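Shown next, in structure tokens, is the structure this report addresses.
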Amino acid sequence: MALPRYEQIAGDLRGRIVRGELRPGDVLPSEREMTERWRVARATVVRAISVLRQEGLVESRQGDGTYVKQRTALARNAGERYRTAVKTGNIYTTGEHADILSAERLPAPEPVATALGVAEGDTVVCRQRVTFEGQTPTAMSHSWFTETVADAAPRLLLRQRIREGTTRYIEMQTQRRPTTGRDWWSARLATDEELTLLQLTGPAAVVEVRHVAYDETGEPLAYEIGVTPAGRWARSEEYALNV
């Protein structure tokens, strides 16, 4: 089911903010521009902007338009990063970079084997990274791939940044396009390793997101476990409650 038009507009603007296309202090397109572009009533645009205001992403100034607020701490999941890569050719937004800590073949632990559809102990490839905004670590992750995928995408085994993102890179190498994804979210205390890599003072809470990307046939392309410090906002979704 398609999202309401106001949520589509809010989602488009939110994505541009998250990707860094609209930066703190930038003014949003005028209500008139958005009504013409989206072919909707002014009330629909006003409602979309209200959603972003409630999320703390924008602020309206009387008689002067609506502006992107100073950088809100955001948690960008794997799906959002893939959309950024497709749109811009670069998985990282302005000011972001990643350190690749490892890229190696390992026997698949049971959760990884289940997610990738292989047998426990089969050889898989794992990449571990820490993502930074400036000098501040904002996330760490482990990304896992089958040996078949890694054979077709050899840069997965290099300790070098893949600026277009691993999922986008795999798509270009294999022609297998990710069409669906599934996320599992949980909150817990950080491990000792996470405290160190994310520069947190323990005990500290983190959010863990487990993500699987599937191709057109329903076969898994990648499995990622991402961890972010608590207090960062994720992209919001609207859904029906009366189903």
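The values are calculated or read from the model by the stated rules, or taken from the named source; none is laboratory data. These numbers come from a predicted model, not from an experiment. Glycine gets a Cβ as well: all are built from the backbone with ideal geometry, and neighbour counts include every protein chain shown.
Given the criterion aliphatic (A, V, I, L, M), within 27 Å of Val207 (Cα to Cα) and in contact with a helix residue (DSSP H, G or I) (Cβ under 9 Å, 6 or more places away or on another chain), identify the matching residue among Ala2, Ala10, Ala41.
Numbers: Ala2 fails: within 27 Å of Val207 (Cα to Cα); Ala41 fails: within 27 Å of Val207 (Cα to Cα).
It is Ala10.
When you scan the range 149-168, how many residues do you find that are over 19 Å from Thr179 (Cα atoms) and among the polar types (S, T, N, Q)?
So the answer is 1.
Take Ala98 and decide whether it is crowded, with 16+ Cβ neighbours inside 10 Å, touching a Ser or Thr at 6+ places or on another chain (Cβ under 8 Å), without any contact (Cβ under 8 Å) to a residue 24 or more places away in the chain and under 30 Å from Arg16 (Cα atoms). So that I can check it myself, show each step before the final result.
Details: crowded, with 16+ Cβ neighbours inside 10 Å: yes; touching a Ser or Thr at 6+ places or on another chain (Cβ under 8 Å): yes; without any contact (Cβ under 8 Å) to a residue 24 or more places away in the chain: no; under 30 Å from Arg16 (Cα atoms): yes.
Criteria not met by Ala98.
Please work out if Thr131 is out of contact with any strand residue (DSSP E or B) (no Cβ under 6 Å at 6 or more places or on another chain) and modelled with pLDDT under 95. Quick ask: steps written out before the conclusion?
Working: out of contact with any strand residue (DSSP E or B) (no Cβ under 6 Å at 6 or more places or on another chain): no; modelled with pLDDT under 95: yes.
When the stated conditions are applied, Thr131 does not pass them.
Please state which of the following conditions Trp185 fails to meet, knowing it meets all the rest: (1) closer than 22 Å to Ala98 by Cα; (2) under 16 Å from the mean Cα position of the chain (by Cα).
Exception for Trp185: condition (1).
What about Pro107, is it modelled with pLDDT under 95 and either over 21 Å from Arg19 (Cα atoms) or touching a strand residue (DSSP E or B) at 6+ places or on another chain (Cβ under 7 Å) (or both)?
Against the criterion (modelled with pLDDT under 95 and either over 21 Å from Arg19 (Cα atoms) or touching a strand residue (DSSP E or B) at 6+ places or on another chain (Cβ under 7 Å) (or both)), Pro107 does not qualify.
Between Glu194, Glu237, which is modelled with pLDDT of 95 or more and either assigned to a loop (DSSP other than H, G, I, E, B) or surrounded by 15 or more Cβ atoms within 10 Å (Cβ to Cβ) (or both)? Before you say what the answer is, go through the steps one by one.
Working: Glu237 fails: modelled with pLDDT of 95 or more.
The match here is Glu194.
Just the residues that are over 24 Å from Ser102 (Cα atoms) and exposed (fewer than 13 other Cβ atoms within 10 Å of the Cβ), please, taken from the range 147-176.
From the range 147-176, those over 24 Å from Ser102 (Cα atoms) are 175-176; that's our starting set.
Of everything in the range 147-176, just one residue is over 24 Å from Ser102 (Cα atoms) and exposed (fewer than 13 other Cβ atoms within 10 Å of the Cβ), namely Gln175.
Going by the conditions given, is Thr167 modelled with pLDDT under 95 and of a type in the set (S, T, N, Q)? Walk me through how you get there before you give the answer.
On the way: modelled with pLDDT under 95: yes; of a type in the set (S, T, N, Q): yes.
The answer is yes for Thr167.
Could you check the range 112-152 and list, in sequence order, the residues that are over 27 Å from Gln199 (Cα atoms) and assigned to a helix (DSSP H, G or I)? Walk me through it before giving the result.
So the first thing to find is which residues in the range 112-152 are over 27 Å from Gln199 (Cα atoms), and the list is 113-124, 145-152.
Those that are over 27 Å from Gln199 (Cα atoms) and assigned to a helix (DSSP H, G or I): Ala113, Thr114, Ala115, Leu116, Glu147, Thr148, Val149, Ala150, Asp151, Ala152.
Residue by residue through the range 151-175, note down the ones that are touching a helix residue (DSSP H, G or I) at 6+ places or on another chain (Cβ under 7 Å) and not hydrophobic (A, V, I, L, M, F, W, C).
Going residue by residue through the range 151-175, those that are touching a helix residue (DSSP H, G or I) at 6+ places or on another chain (Cβ under 7 Å) are 152-153, 155-157, 162, 164-170, 173-174.
Selection gives Arg155, Glu164, Gly165, Thr166, Thr167, Arg168, Tyr169, Gln173, Thr174.
Here is a check on your reading of the model: is Phe145 in contact with a Phe, Trp or Tyr (Cβ under 9 Å, 6 or more places away or on another chain) and at pLDDT 90 or above?
On the way: in contact with a Phe, Trp or Tyr (Cβ under 9 Å, 6 or more places away or on another chain): yes; at pLDDT 90 or above: yes.
Yes, satisfied.
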